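Any read-out appearing in this document is the output of simple, stated calculations on the displayed coordinates, not a laboratory observation. None of these values were measured; they are calculated from a predicted model. Methodologically, a virtual Cβ is constructed for each residue, glycine included, from the backbone with ideal geometry; neighbour enumeration extends over all protein chains shown.
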Amino acid sequence: MVMDHRDCGAYRELLGEDYAKDAQKETIAHSTRLMRLKSMIVEKYPKIEVETLLMSLNGDVEVISNASIAQEETEI
Ligand SMILES: [Zn+2]
């Protein structure tokens, strides 16, 4: 299981953007990276099941998939 969280200081630092103002952009930023990581893990350990999640600061957890990226993009 890999879990990212919203309003992440590391993401802000690395990407130079404050995603607190734009939740959709934030979802895409995390989703693309989580999916990249997932495919790297699966490539190396094909039998492992990888769950990718994004948690909000209020404790809500979203399941992240390739659809998370596409869905957010079509909404913009
Ligand atoms: Zn963080």
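So what is the relative contact order of region 1-65, in percent, for Cα pairs below 8 Å that sit 6 or more residues apart?
Relative contact order comes out at 42 percent.
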Distant-in-sequence amide H partners of R6 (H built 1.01 Å from N, under 5 Å): M55, S56, L57
On Cα atoms only, tilt of 66-75 relative to the major axis of the chain in degrees: 30
Shape call for the chain, from the Cα gyration tensor axes a ≥ b ≥ c (a/c under 1.5 means rounded, otherwise prolate when a/b beats b/c, else oblate), comes out prolate
With a 10 Å Cβ neighbour count serving as the proxy for reagent exposure, in which order, fewest first, do K25, K38, K44 appear? K44, K25, K38
Taking S31, S65, S39 and counting other beta carbon atoms within 10 angstrom, the fewest-first order is S39, S65, S31
Using only Cα atoms, tell me the angle between helix 23-44 and the longest principal axis of the chain; keep it within 0 to 90° and round to the nearest 10. 20
